[in-house]
Structures are given as structure tokens and as C-alpha cells.
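K.L.:
First the structure, which I've put down as C-alpha cells, then a few questions once you've had a look.
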Amino acid sequence: MISSHNHPGHRVGSSASLLALLALLTLPALMTSGACSLLADFPDYNICGNNRAEADEECDGEDLSGWTCPDFARYTNGLTCSDNCQIDLTGCGGTCGDGIWQDTYEDCDGSDFGGTHCSDHDPSSSGGTLHCTDQCALDLSECNICGDNIIDPEEDCDGENNGDQDCYSLDAGTGGELRCTLDCRFDLSNCGICGDAICQFDRGEGATSCSADCAYSEIAAGEYATCALRGPGMVWCWGTGEGVGPSLSETVPTRLPGNLLFTKLVAGKYHFCALTRNGEVYCWGSGYNGQLGNGASGDETSPVAVDLGELQAVELSAGENHTCAVVPNGSLYCWGLNAYGCLGVGENPSETNTPLEVISVNDARFVAAGALHTCVVRESGVVSCWGSGFTGQLGHGEFADSLDPVDASGIVDAVAVTAGDYFTCALESTGVTSCWGDNITGQVGDGTTTIRLVPTPLSSPPTDLVSLNSGWLHSCGVGQDDLAYCWGDSEYGKLGRLSTTPLCDDAPIGYTIAPVLQTGPSPISPIMRVTAGTHHSCALNTGGMIYCWGLDNGGLLGSGPSSGECVSEARLVANQ
């Protein structure tokens, strides 16, 4: 029961007690006089039970004075009046705080949500915990609401919020854009997309499926490593040693750190250099003789800038321990070890880690750095060389060194020059290739092993060559038929000739031109470029794919874990 007084519509006057007393005093007389009807003349007289809520009554019988259960925070009506004319709420059902959810009137009550969950109240919710306020209203603050930019426990992401994740951290590539779906799940469909300048071979991209990102354009082989330019000019390397990146050992192509893009790539014996579109030169690998040109004498596992000042390079070449670059006006700059004066700056200094100008050359078109000598193609087409000449590699007809440039005999219209360990080769505009110098393993390619002091044409080539590249004891070139031809040292199978005799160590010395047979997993022609290293060779075809052959040791062929075997058939480099 509750007590309530002074309800609206009830009048309680100051004469009430006086009237009551008067009624008691006069009642016998009124009754004996037949004046019972006089009671109707006193409407404020409080009589509980007459079905009229009067004076101090909250209600009377059926007269509830207009009150209902909701007026007292009760939801289901069942309001009654007690025998003493007070409101009785026992028949009313439900109230906020009773722990029972009244669906029509409450969102919740305490922990009672009527069996509902976060997702029943917000379709974007993927879980979480509902809460109820003191006013029995829903509190969704701990629900997982997809779309509120807050990553809840059962969500991968939310809106623009991916947390600390990106395509790379989710093993979906290093390019593209990680997105979030409408149901707060990671969307990897835009990761590693073709055209983002990143070759995502683990996402199905390759030289044929995404040539803009994955096709190779340059290839260069050293002694223990091979590097190539991929896509818009990214450097990828494999093998062992300082030239392959921080790990120093990669059996498949691995991208070097940084965002530099290059247009030309060359290999020394233990270092590599590359040229950017702006004519900047970067080198990496072994730098103990200053051959990296960055002002220091130490190894670098990623490209470092050569200190050319404001100069821009258009051509460059890397030898065993020195490097040279041609600038637009034909001037030549060299750096690294200056043994036998191979830098072209005289006998001193013995080495330099910054570029020095070769004063005696101002009309260079192309340059080739060997082990201890250097050669250039001049504007006239003449080939001039200097440095060590003890095996005739200068081509001037003598076993003599020279600190100054001397012309190779008979070469007048060269369009390319390449230098091996102690020999040199030049390609003339007519397609004729001539070599000179050391020939102990047939690297002159004239069918003999006789040292040649002057340029000597290759013996009976199947076709004229359009390009060539020399390794340390062998050379390779691309013919007009778009096939690769190699000559010189045949050890390890690096000439690409199939043989039934053992290839490693005790292979017969080769000194004839031999085509690289197309015995790999797929045809390798037409070939665009070929490179000769120390123990292996590689070819780049017009489809932007690379094949290698020779010593398969330490990942040198780039086809995966190696067994140390020697192979003469072209093998496809991995990740293509």
C-alpha cells in the first residue's frame, strides 16, 4: 500500500472538521425529522466506500482518480483501490530495476536483454557485450560496431583504421593498398597490384603476367653474384658475397633495399654499379680499393652514390678493382685500384675512392674496365687502351704496359668494347667481332690458344654478333639470329654446351664458338642480352625472362637451393 494526499481534484477545506462535528450533533434530529437527504448537501464529507474519491482519499472503489500503473513507473495495468481508499500497486506489473525485461516498455533491465545480442540491435556489430543503463536503455559502447573506425576484438579492421597492418605485414606484397570490407575484414585484392612498381611473384605476378613490374631489362654477372634490373629499374640480386644485399646469400632473386631505379647495370668481379635516369652512379659490393667511388674504402650491401659532383654519367664499366664512367661531353672518370696505371691518371695515386678525370681522353663513347687495364671506344670508332699489357690485352702489338692510351691495331669503326681478365674484345659496325690478349683458354675465340697481340676476328662464327660481354676467362654474345654464343674457358659448363663428359673441374678446355642450346624448361630465344661472369653465364630474352648456366653453387644460377653441380643447359631463374 502507499499513502497519497491532496490528489488533483480533491478539495480539503478548513471547515471539514467543523462540518463533521455538526453532523454528529444533529444526526439524531435529522433522522427523526426525516431529513436524511440532508447528507447530500455535504459533498466534501469523506466516506470511504461510496465509490467516490473524496478529500483525503487516493481512490474509492472503482474511482481511481484517473491514475494508472504507468503513472507509478509500472508497465502493465492492474491498478486497484484498497479498502481504506489508498492506491494499491500490487496488481501492476514490471518496473525498471526489477531485473525483468519488459519488452514493450524497456530496452533492457539489469542483465536481462530478452536473449538478444549486440548484432540484434545493430546489424553492423560483429560481437561484443551489451550493457543496460539505470534507465533501462541500451548501452552499445562495448559492442563491436563495424563502421565506427574502432577495431573491436572480433574485427580485422574498421573503416579507414587498419591498425598497424599493411599489405607487407600480411604477406600480401609490399605494394598496393590494404583495404577494409564493409563487414570489417581485410581486403587484400588491391595488394601487390600490377603497375605498382613492385613485382609480387608470390601473388601470381611475373614477366608475362605483369611485365611492367616483373620483366627484367638488364643483367650483369660477377664472380659470386648476379644482379638484374626489373620492372621500372629495381635491382634484384642472387648468389653470395657483398654484391647481393644484407643477407650476403640468396639462392633466388631478391630485391636490394631502397627505392632507387636504374637504367643501366654493370658488374665487376666483386662489385656492381648502376646508372639512374638522371645520370647518377651508384655502386655496391666490395670496396676495399675504393672501387665504389663513394669516398670510402669498405664493403656496401646496398647501393651508395658515387661522388661525381654535378657531373652526369652516360656510360660506365666495372672491372676487377676499378670502375670508370663516361660523361656527356666525352670525358672519362675512373676510381679504385690504379695498378699498372689502369685508371688512366698516371702512376699515382695507387688507388682512389673518389672519381679522377682521365685527362688524355675527351672523346669517349664507351668504356670497358678489365682486371688491370681499361679501354674506350672513341668518337672516331678507334679503340684505345692503357694499363697492363703483359698478355697483349692493349692490342697495340706489344707485351708492354702503357700509362697513356694506345690504339688497338686495325679497329676503326667499333660500336662496343668489352674487357675480360687479361683480354679485350670489340664489336665493329659491320658485325665483325675481334679479340686480343690472353688466349690460354680460347678466350680470343680464333680457334687457337695462342696469345694475340693485335685484334683477331672470331673464327667462323655462325652469324654476326650484335652485342657481346666478357667474363674473366670467357665471352658471350648475341647473334643476329637472336641466339647466344659463347667462347673461351668451358669449365663448369659456362659456355652452355651440352656434353657427355664431366663438367666440373676436369672439363675439357673449350676454344670454339658454341651456341647456348635451348634445353631449359622453355625456349629462351629470342635473346636480347647475355652476360659472362667468372663461373657462369646468363641470358635475358625479349620476354624479360632470365636463364643461367654454369656453376650452380651458392645460388649463383638463381634457380633455388643449389647442389654445387655444373650445368650446361639454360635454367630459368626463379620467381618469374
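Only the coordinates and a few stated rules stand behind these numbers; no lab work does. From a predicted model like this one, the values you see are computed outputs, not experimental measurements. Counting neighbours? That spans all protein chains shown, and the Cβs are built from the backbone with ideal geometry, glycine included.
K.L.:
In debye, nearest 20, what is the charge dipole magnitude of the chain about its Cα centre with +1 on Lys and Arg Cβ and -1 on Asp and Glu Cβ, if you could check?
P.N.:
Values: 18 positive and 75 negative charges, 678 e Å.
About 3260 debye.
K.L.:
Taking 7 Å along the Cα-to-C-beta vector as the label spot, tell me the PHE72-GLN165 distance in nanometres, rounded to one decimal.
P.N.:
Reported label-point gap for PHE72 and GLN165 is 5.6 nm.
K.L.:
Residue by residue through segment 540-556, what is 3J(HN,Hα) from phi via Karplus (6.51 cos²θ - 1.76 cosθ + 1.60, θ = phi - 60°)? Round to whole Hz and write x for glycine and proline.
P.N.:
Once rounded to whole Hz, the list reads 10, 8, 5, x, x, 10, 10, 10, 10, 8, x, 6, 9, 10, x, x, 4.
K.L.:
Here is a further query. Would you please give the FRET efficiency between GLU357 and ALA296, computed as 1/(1 + (r/R0)^6) with r the Cβ-Cβ distance and R0 = 22 Å, to the nearest 0.05?
P.N.:
About 0.60, to the nearest 0.05.
K.L.:
Once amide H atoms are placed 1.01 Å from N in the peptide plane, what residues at a sequence separation of 5 or more from SER125, or on another chain, have their amide H within under 5 Å of its amide H?
P.N.:
Distant-sequence amide H within range of SER125: CYS146.
K.L.:
Whole angstrom only: what separates the Cα centroid of segment 539-553 from the Cα centroid of segment 265-300?
P.N.:
23 Å
K.L.:
Let's test the formula: R0 of 30 Å, r as the Cβ-Cβ distance of ARG179 and LEU261. What FRET efficiency results, to the nearest 0.05? Could you put the intermediate results ahead of the total?
P.N.:
On the way: r = 27 Å, r/R0 = 0.89.
It comes out at approximately 0.65.
K.L.:
Sorting check: for 359-371, 384-396, which peptide has the highest mean count of neighbouring beta carbons within 10 Å, and how do the rest follow? Spell out each step's value before the answer.
P.N.:
On the way: 359-371: 21.1, 384-396: 24.9.
Going by the mean number of other Cβ atoms within 10 Å, highest first, we get 384-396, 359-371.
K.L.:
Separate question: Which whole-Hz ³J(HN,Hα) couplings does segment 486-493 yield from phi under the Karplus relation 6.51 cos²θ - 1.76 cosθ + 1.60, θ = phi - 60°, glycine and proline marked x?
P.N.:
Using θ = phi - 60°, the values come out as 10, 8, x, 4, 9, 4, 6, x Hz.
K.L.:
What is the helix-to-structure angle for 16-32, meaning the angle in degrees between its Cα long axis and the longest Cα principal axis of the chain, kept from 0 to 90 and rounded to the nearest 10?
P.N.:
Here the helix axis deviates by roughly 40 degrees.
K.L.:
Sticking with this one: If I model a spin label at THR449 and ASN348 as a point 7 Å from the Cα along the Cα→Cβ vector, what separation in nanometres do I get?
P.N.:
Roughly 4.3 nm, to one decimal.
K.L.:
Taking R0 as 56 Å, what FRET efficiency do you get between ASN278 and ALA137 from their Cβ-Cβ distance, rounded to the nearest 0.05?
P.N.:
Details: r = 65 Å, r/R0 = 1.17.
The formula returns an efficiency of 0.30 here.
K.L.:
Sticking with this structure for a sec: Report, in whole Å, the centroid distance computed from the Cα atoms of segment 365-427 and segment 56-79.
P.N.:
Distance between centres, Cα-based: 116 Å.
K.L.:
Largest first and in whole Å, give the semi-axes of the chain's equivalent ellipsoid, each being the square root of 5 times a Cα gyration tensor eigenvalue. Before the final figure, lay out each step's value.
P.N.:
On the way: eigenvalues 2108, 112, 51 Å².
Calculated on Cα positions only, the semi-axes equal 103, 24, 16 Å.
K.L.:
Okay, next question. How much length would be gained if the chain were fully extended between GLN312 and VAL432, taking 0.36 nm per residue of separation minus their Cα-Cα distance, in nm to one decimal? Write down the numbers at each step before the final one.
P.N.:
On the way: separation 120, 0.36 × 120 = 43.20 nm, distance 3.15 nm.
Additional length available on full extension: 40.0 nm.
K.L.:
Any idea how far apart ASP407 and ASN329 come out in nm if each label point goes 7 Å out from Cα toward Cβ?
P.N.:
2.5 nm
K.L.:
Another question, then. Want the number for HIS117 to GLU398: 0.36 nm per residue separation, take away the alpha-carbon distance, what's left? Walk me through the numbers before you get to the answer.
P.N.:
Values: separation 281, 0.36 × 281 = 101.16 nm, distance 9.46 nm.
Full extension from HIS117 to GLU398 adds 91.7 nm.
K.L.:
Give the order of LEU551, LEU130 when sorted by the count of other beta carbons within 10 angstrom, beginning with the fewest. Walk me through the intermediate numbers first.
P.N.:
On the way: LEU551 24, LEU130 20.
Ascending Cβ contact count within 10 Å gives the list LEU130, LEU551.
K.L.:
Would you mind calculating the gained length between ASP103 and ASP187 on full extension (0.36 nm times residue separation, minus the Cα-Cα distance), in nm to one decimal? Write down the numbers at each step before the final one.
P.N.:
Numbers: separation 84, 0.36 × 84 = 30.24 nm, distance 3.93 nm.
Gain on stretching ASP103 to ASP187: 26.3 nm.
K.L.:
Beta carbons within 10 angstrom, averaged per residue: use that to sort the peptides 56-63, 374-381, highest first. Can you show the working numbers first?
P.N.:
Numbers: 56-63: 18.9, 374-381: 21.5.
The peptides rank, most packed first, as 374-381, 56-63.
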